[in-house]
Amino acid sequence: MKIRKQIMKMTKIIYRCFMDKDDNLYNKPLGRIAELKLEKERQDFLKEYIDFIMHSDIVAETTKIYIRSPFDSVASSIVDYNRTLSEGSKEINIKTAESNCNNNTNKLLEYFLDDMLHNVIYSKNCDLDHYNKLLDLAIAKKGKKNKILDNLMLKLPAKVEIQDDLDQDEFSEFIKIVAPYCRQHMKYLEENIPHKAVGYLYYLISARQLEGKHKDRFGYVKKILG
């Protein structure tokens, strides 16, 4: 029977094998993953996965403390962490940490399959290409480079498949679609929009009675902006 929500447990294992206590990657894995002598492609995937988890905001800082900890339970991890705090420092609430970890586990399952890490480590045949696409999509949404998307004032579709190529016409058309919704472009428009036209817009939306072309234009404005 498949064990549910094993992804966090496997993430802790990968952390211990690939990272030091300061979240720096080892050149080569340690522990049980080293003993398995995994092929380079699998090792590279696991390194990229744990680097993403620990250097993005996909999980909370309290969850990262749990991932770093040698203890199996969140409660034990937080108790141990609180012992290291200097006098006067605010301790982490155990219940809050447990809630964060549970929520973060569910967050990981929005991006990854629960058995993905287990399959990469232990399965003779796993769909590494598919897992790499899942990781690429997660990095695009939650990684450091996603700050590019923060500048886009347009909600993009959430569930798409990563595409590793796009022909030039499709790319150019896409840029034309999104460019007007970039914050920098919006700022430029705000600073350079024709004041006379804005004044006319205010007239259209404030006049108590419109006739002819003004009435037609107000109908068009209402359709576009209303």
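If you check ILE148 against the conditions, is it under 18 Å from the mean Cα position of the chain (by Cα), surrounded by fewer than 17 Cβ atoms within 10 Å (Cβ to Cβ) and either small (Gly, Ala, Ser) or closer than 30 Å to ILE175 by Cβ (or both)? When the stated conditions are applied, ILE148 passes them. Selection over the range 1-25 of residues that are part of a loop (DSSP other than H, G, I, E, B), open to solvent by less than 70 Å² (accessible area, probe 1.4 Å) and free of Cβ contacts under 8 Å to residues at least 60 places away in the same chain gives a count of 2.
To keep it simple, each residue is scored yes or no on (1) of a type outside the set (Lys, Arg); (2) open to solvent by less than 80 Å² (accessible area, probe 1.4 Å); (3) modelled with pLDDT under 95.
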position	(1), (2), (3)
SER77	yes, yes, no
SER89	yes, yes, yes
THR105	yes, yes, no
LYS141	no, yes, yes
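Of all residues in the range 31-52, those that are more than 19 Å from the chain's Cα centre (by Cα) and surrounded by 17 or more Cβ atoms within 10 Å (Cβ to Cβ) total 4. Residue-level check: of (1) open to solvent by less than 20 Å² (accessible area, probe 1.4 Å); (2) in contact (Cβ under 8 Å) with a residue 40 or more places away in the chain; (3) part of a loop (DSSP other than H, G, I, E, B), PRO70 misses just (1). Under 6 Å by Cβ, and 6 or more places apart or on different chains, what pairs join a residue from the range 53-65 that is surrounded by fewer than 18 Cβ atoms within 10 Å (Cβ to Cβ) with one that is of a type in the set (Gly, Ala, Ser)? The qualifying pairs are SER56/GLY143. Being in contact with a Phe, Trp or Tyr (Cβ under 9 Å, 6 or more places away or on another chain) and open to solvent by 70 Å² or more (accessible area, probe 1.4 Å) is the requirement here; does ARG183 meet it? No; evaluated as a whole, the condition is false for this residue. In a residue-by-residue description of the range 151-168, the property of being of a type in the set (S, T, N, Q), surrounded by 10 or more Cβ atoms within 10 Å (Cβ to Cβ) and at pLDDT below 85 applies to at least one position. For LYS124, state whether it is under 26 Å from GLU39 (Cβ atoms), open to solvent by 80 Å² or more (accessible area, probe 1.4 Å) and not in a helix (DSSP H, G or I). Against the criterion (under 26 Å from GLU39 (Cβ atoms), open to solvent by 80 Å² or more (accessible area, probe 1.4 Å) and not in a helix (DSSP H, G or I)), LYS124 qualifies. Note on the range 92-103: residues that are in a loop (DSSP other than H, G, I, E, B) and either touching a Leu at 6+ places or on another chain (Cβ under 9 Å) or open to solvent by less than 40 Å² (accessible area, probe 1.4 Å) (or both) total 1.
The residue that is farthest from PRO180 (Cα to Cα), counting only those in the range 193-219 that are aromatic (Phe, Trp, Tyr) and surrounded by 11 or more Cβ atoms within 10 Å (Cβ to Cβ), is TYR203. When the helices (runs of 4 or more DSSP H) confined to the range 128-197 are screened for residues that are aromatic (Phe, Trp, Tyr) and either out of contact with any helix residue (DSSP H, G or I) (no Cβ under 6 Å at 6 or more places or on another chain) or free of Cβ contacts under 8 Å to residues at least 24 places away in the same chain (or both), those reaching at least 2 such residues are found at 168-178. Taken over the range 108-121, the residue count meeting the criterion of being open to solvent by 60 Å² or more (accessible area, probe 1.4 Å) and either among the charged types (D, E, K, R) or not in a helix (DSSP H, G or I) (or both) is 2. Only one of the numbered conditions (1) more than 21 Å from PHE18 (Cα to Cα); (2) assigned to a loop (DSSP other than H, G, I, E, B); (3) of a type outside the set (S, T, N, Q) is violated by ILE58, and that is (1).
The values are calculated or read from the model by the stated rules, or taken from the named source; none is laboratory data. Keep in mind it's a predicted model, so treat the numbers as computed, not measured. No Cβ is skipped: glycine too gets one built from the backbone with ideal geometry, and neighbour counts run over all protein chains shown. Side chains included, ligands, DNA and RNA excluded: accessible areas come from the protein's heavy atoms. Shrake-Rupley method; radii C 1.70, N 1.55, O 1.52, S 1.80 Å.
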